[in-house]
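All of the numbers you see were taken from the coordinates with simple rules; none came from a lab. All figures in this text were calculated on a predicted structure; none of them were measured in a lab. For neighbour counting, all protein chains shown are included, and Cβ atoms are generated from backbone atoms with ideal geometry for every residue, glycine included.
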């Protein structure tokens, strides 16, 4: 069940109506949990058992961690790491691992053909695994005491707006919202529905109708495309990946607001970033902060010398790339961002003067350089294999505009320029605050136009890109 389907709109209306018809907070929470499991079952009912089993095991292990002392605590946290990462690896990485073992053996003359293990990847398994891991790790670190209420923990992990593709929430963010009664308010419903419309516009109109056709046509068959065509495909995917994922996050935040819940901001105008550390403070914020707090810090962070800091940055981003997909192209994508971050840190610590404020023209130039290198890295994220990615890079040779673009390619480039311009114009503003500041008549007119554009959007519906992660 996708946010951009009629089925979801009916589901959302029915659940919201039943939610407000109930008065007891306990009954409302049970309703949300059952609705969340029904929402997840729409993909594959069998995987609800996996979700419920994983949730129950981590809820129980967290209590064992809290009650234990000394080596026993380490054994319990080790168990939950093995189980969670083992299940994730089985479904997501077993084919990648077996294929690479076969390739390694072949280099020594050993012929090995892995047995076919064609597991269906459960939707959102990477996201709810990170929810559970952060909870158990925080209990192990003594950040908070675990909840004894299974339903409350299950609702934290399985809350349907953020279940399949985030934002990745932390238990301290959700615990007070789950434990304290709340309901639909006029302001929350109004802003929530507005954000839902905005997210659907990003997904249905921009991502699916304008960017996806150009990106798919190029990446699926780059051939010997002219330079201008290659750039149109790369920038179209840069627009698609943002509008697709930011659209999902905006829908999730808006849907949650309608029920009285506040999810964290997941995107903050990332294509206006001034550098790569700024980019990762703006792009998929819930994942980048998760990797920082639970992986980078655990590796030692910046506490053990300069070169270990660079190593930790690179390892964190390599693993972050692998989290996105079981392919070397994703690892390279993560590695590129690790190198970007390390190079930027090196320059800031040894080249740029302390507290230096760059003039405006240099800030714009640095933003464009950041955007260019981010777009080039997206090639490895989208390309089906390493050979295709390298071929596409070769097509982006410096040259004059050597081909006329068709109307769809021109529209994609114009739309991408518009996305970047909006990001730059609003780079220091919060989306929810901006929406609330717009006069009601103008805001209503804008929403009406967005709804009309969604209804009239000609593009084919695509599954949200991050569902595969």
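Listing for the model above:
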read-out: For the range 74-142 and the range 285-360, distance of Cα centres in Å; value: 23
read-out: Structure-based [θ]222 nm, the chain - -39500 (n - 2.57) summed over DSSP H runs of at least 4, per residue, nearest 500; value: -22000 deg cm²/dmol
read-out: Chain lengthening between residue 82 and residue 319 when straightened (0.36 nm per residue, less Cα-Cα); value: 83.7 nm
read-out: Protection proxy ranking, peptides 373-385, 151-163, 173-185, 245-257, average beta carbon neighbours within 10 Å, highest first; value: 245-257, 151-163, 373-385, 173-185
read-out: Difference of contour (0.36 nm per residue) and Cα-Cα distance, residue 50 to residue 434; value: 134.2 nm
read-out: Orientation-averaged projected area, Cα convex hull of the range 101-149 (nm²); value: 6.6
read-out: Distribution of pairwise C-alpha distances over the range 160-240, 10 Å bins, in %; value: 15, 28, 25, 18, 11, 3, 0
read-out: Order by protection proxy (mean Cβ within 10 Å, highest first), peptides 420-432, 324-336; value: 324-336, 420-432
read-out: Hull shadow area, averaged, the range 73-156 [alpha-carbon convex hull, nm²]; value: 7.6
read-out: Size of the range 100-208 as Cα extents on the principal axes (Å, biggest first); value: 68, 45, 20
read-out: Equivalent ellipsoid, the range 1-139 (semi-axes from 5 times Cα gyration tensor eigenvalues, Å); value: 36, 25, 9
read-out: Residue 94 paired with residue 277, simple spin-label distance in nm, labels 7 Å along Cα-to-beta-carbon; value: 4.2
read-out: Cα-based convex hull volume of the range 263-406 per residue, rounded to whole Å³; value: 170
read-out: Residue 13-residue 369 FRET efficiency (beta carbon distance; Förster radius 45 Å; 0.05 resolution); value: 0.45
read-out: Virtual spin-label span in nm between residue 20 and residue 262, 7 Å along Cα→Cβ; value: 2.1
read-out: Length released on extending from residue 343 to residue 362, taking residue separation times 0.36 nm less the Cα-Cα span; value: 5.0 nm
read-out: Cα-based Rg and Dmax for the range 1-78, where Dmax is the largest Cα-Cα distance (Å); value: 17.5, 53
read-out: Within the range 180-222, backbone nitrogen closer than 17 Å to the virtual label 7 Å beyond the Cα of residue 410 toward Cβ; value: 210-211, 214
read-out: Cα gyration tensor shape for the range 188-468, rounded if a/c is under 1.5, else prolate or oblate; value: oblate
read-out: Normalised contact order of the range 290-393, rounded percent, pairs of Cα under 8 Å and 6 or more residues apart; value: 22
read-out: Computed label-point distance, nm, for sites residue 306 and residue 111 using a 7 Å Cα→Cβ extension; value: 5.4
read-out: Estimated FRET transfer efficiency when R0 is 56 angstrom, pair residue 149-residue 394 (beta carbons, to 0.05); value: 0.45
read-out: Alpha carbon Rg of the chain, scaled by the compact-globule rule 2.2 N^0.38 Å; value: 1.01
